[in-house]
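What follows is a short report on a single structure.
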Amino acid sequence: MARELTAAPMAEADLDQVLAIERVSFVTPWTRAAFCYEIEQNKVARCTAMKSAGRIVGYLCLWEIGHEIHITNLAVRPDFRRRGIARALLRHVMDGARQSGVELVFLEVRPTNLEALALYESFGFRVIGRRKGYYFDTGEDALVMEARLDERAEPKSGNQTAC
Ligand SMILES: CC(C)(COP(=O)(O)OP(=O)(O)OC[C@H]1O[C@@H](n2cnc3c(N)ncnc32)[C@H](O)[C@@H]1OP(=O)(O)O)[C@@H](O)C(=O)NCCC(=O)NCCS
């Protein structure tokens, strides 16, 4: 588990570090302009950056619309993976969502992304649909996952990381 994790809204000053993580994490990474739009203009968007010793080690972006959240991005710095950072980010978001009356959390994930699938399933997400050819870069389908916050949506196992 990474120690002394702090979660805070992503700022423009974070973007060099965020983009370095983004580019090694995804086949089609978000651009700087995409992150700027989400953190500065998109009224329904929220991006949270997780820091350890002042360095960004992961981040999660979402849209909150009414009583629903759609997770749009999640990545952890490769040398900090398997230390509970994604779990801490998701818990931070899910706990906040539950407190503010959000009922449903959605996301899309590639069927081949087994580590992300295991993470989401441990939070109570389940597959509710499949979008054909959703990922234009590889032509892969997307699995659509949903977690209902009125049901059990806590990790089934693994490290408990405060943030
Ligand atoms: C998916 C990702 C965010 C996980 O981040 P992480 O900080 O390493 O995850 P955590 O340490 O919090 O792990 C939480 C759980 O996820 C699952 N998991 C994470 N990495 C895994 C791996 N390599 N293999 C299998 N399961 C894995 C496990 O269930 C794990 O719980 P455990 O450690 O108790 O077994 C990270 O691998 C990543 O950034 N991947 C590239 C970007 C990406 O795919 N994002 C998701 C897009 S939908």
Next on the checklist: Tally up the residues in the range 81-92 that are at negative phi, out of contact with any Gly (no Cβ under 7 Å at 6 or more places or on another chain) and either near the ligand (Cβ under 8 Å from one of its atoms) or not charged (D, E, K, R) (or both), please.
Outcome noted: 5
Checklist entry - Is at least one residue of the range 29-38 crowded, with 20+ Cβ neighbours inside 10 Å, at pLDDT 95 or above, among the aliphatic types (A, V, I, L, M) and outside any loop (DSSP other than H, G, I, E, B)? => result no
Checklist outcome for this item: Subset of the range 82-110, residues in contact with a helix residue (DSSP H, G or I) (Cβ under 7 Å, 6 or more places away or on another chain) and β-branched (Val, Ile, Thr), comes to VAL105, VAL109
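Yes/no per residue for (1) among the charged types (D, E, K, R); (2) within 23 Å of LEU143 (Cβ to Cβ):
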| position | (1), (2) |
| --- | --- |
| ARG23 | yes, no |
| GLY54 | no, no |
| PHE80 | no, no |
| GLY96 | no, no |
| GLY124 | no, yes |
Item to check | Top-ranked residue in the range 107-136 [being small (Gly, Ala, Ser) and more than 9 Å from the ligand (Cβ to nearest atom); ranked as farthest from the chain's Cα centre (by Cα)] | outcome: GLY133
Checklist entry - Of all residues in the range 93-106 being surrounded by 15 or more Cβ atoms within 10 Å (Cβ to Cβ) and more than 9 Å from ALA147 (Cα to Cα), which is farthest from the ligand (Cβ to nearest atom)? => result VAL102
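The values are calculated or read from the model by the stated rules, or taken from the named source; none is laboratory data. Keep in mind that what you see is a predicted model, and the values were worked out from it rather than measured. Please note: Cβ atoms are built from the backbone with ideal geometry, for glycine as well, and neighbour counts cover all protein chains shown.
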